[in-house]
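The values are calculated or read from the model by the stated rules, or taken from the named source; none is laboratory data. If you're wondering where the values come from, they're calculated on a predicted model, not measured in any experiment. A quick note on method: Cβ atoms are made from the backbone with ideal geometry, for glycine too, and the neighbour counts reach across all protein chains shown. When the accessible area is computed, the model is the full protein with side chains, heavy atoms only, and any ligands, DNA or RNA have been set aside. Shrake-Rupley method; radii C 1.70, N 1.55, O 1.52, S 1.80 Å.
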Amino acid sequence: MGELEDAVMTRVWKWNRPVTVREVLEDLQQERSIAYTTVMTVLDNLHQKGWVRREAEGRAYRYEAVSTRAAYAAALMNEAWSQSDNPAAALVAFFGMMSEEQRQALRDAVRIVQGPEETAETPGPAEGGQNPGSAPDGGGR
């Protein structure tokens, strides 16, 4: 997603409701000089990419996010990680860049994904345990 697409999507995510080109334009114009047609083109591009859905309202459209900003960030992280020739090393490097606050958020997220039935004594995948979300027959999602 480009810088302008991100600026537009930030507003769509923040407002969390269907928005018009005019609403996004007026908010963006507080920060920069931008034309109506530019915002309309960006929203159309985001629609074609599947990031927003739109519904006709009179002669205009109302645009709404298809997923959350968190889902977008997760998709970016997954894409970057999957392109690594050494995923474990990439994770170690990524964790090394994290602040203590981010590492705590990661620990909290792992606890949520593991669920209440798993404890510290439950072996993980490296110790012969099963990956969360994988089927007993070894098939993944």
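What accessible area per residue, rounded to a whole number of Å², is obtained for segment 17-98 using a probe radius of 1.4 Å?
68 Å²
What length, rounded to one decimal in nm, is gained on full extension from residue 44 through to residue 6, with 0.36 nm per residue of separation minus their alpha-carbon distance?
Extra length available between residue 44 and residue 6 comes to 12.3 nm.
Would you mind calculating the gained length between residue 104 and residue 68 on full extension (0.36 nm times residue separation, minus the Cα-Cα distance), in nm to one decimal?
10.8 nm
Report the calculated FRET efficiency for residue 33 and residue 77 (r = Cβ-Cβ distance, R0 = 41 Å), to the nearest 0.05.
0.75
How much length is gained on full extension from residue 14 to residue 90, taking 0.36 nm per residue of separation minus their Cα-Cα distance?
24.3 nm
Do any GluC sites (Glu not before Pro) in segment 14-93 lie in a DSSP loop with no more than 13 other beta carbon atoms within 10 Å, and if so, which?
31
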